[in-house]
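*Asks:* Below is one structure. I have some questions about it.
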Amino acid sequence: MILYNITVNVEKDVEKEWLDWMKEIHIPYIMESKLFVENKVFRIMHDSEDGGINYSVQFFAKDMESVMAYQHGYFDQHNAIVQKKFPKKLAIFMTLLEMV
């Protein structure tokens with residue numbers, strides 16, 4: 001099992017809008033790729049130095065091939081949608097983790 005973790009720092013003024021949009025629209029859209037078997041969203045429980053709110057958006061894949069298929073076939077399009085919807089309101093980085 002591979003965890004494709006996206007850590008997002010969201011500015012406070014768009015936090016609720018971003019979270020609602022992610023849960024209702026964007027995450028279901030990503031899941032339509034059928035490359036992930038499960039997803040979860042967590043708020044990271046420590047204060048950010050810049051005053052933003054941090055979230056962990058997690059997508060679980062059966063194998064690395066599924067993650068690579070997502071990155072090569074969908075990531076650019078999905079990332080462009082997020083950046084267009086919330087320009088300069090988010091800082092994002094990804095981490096891959098393997099279950100051991």
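Computed from the coordinates by the stated procedures, all read-outs in this text should not be read as laboratory data. Just so it is clear, the structure is predicted and the values come from calculations on it, not from any experiment.
*Asks:* Lysine pairs in the stretch 2-98 8 or more apart or on different chains: how many have alpha carbons under 28 angstrom apart?
*Replies:* 27
*Asks:* So which residue, out of MET45, MET68, MET31, gets the largest mean-square fluctuation from a GNM of the chain using Cα contacts under 10 Å as springs?
*Replies:* So, out of MET45, MET68, MET31, the one fluctuating most is MET45.
*Asks:* I've got another one for you. So I have [x] 1.08; [y] 1.31; [z] 0.96, and one of them is Rg/Rh (Cα atoms, Kirkwood Rh) calculated from this model. Which one is it?
*Replies:* Structure-derived value, by its label: [z].
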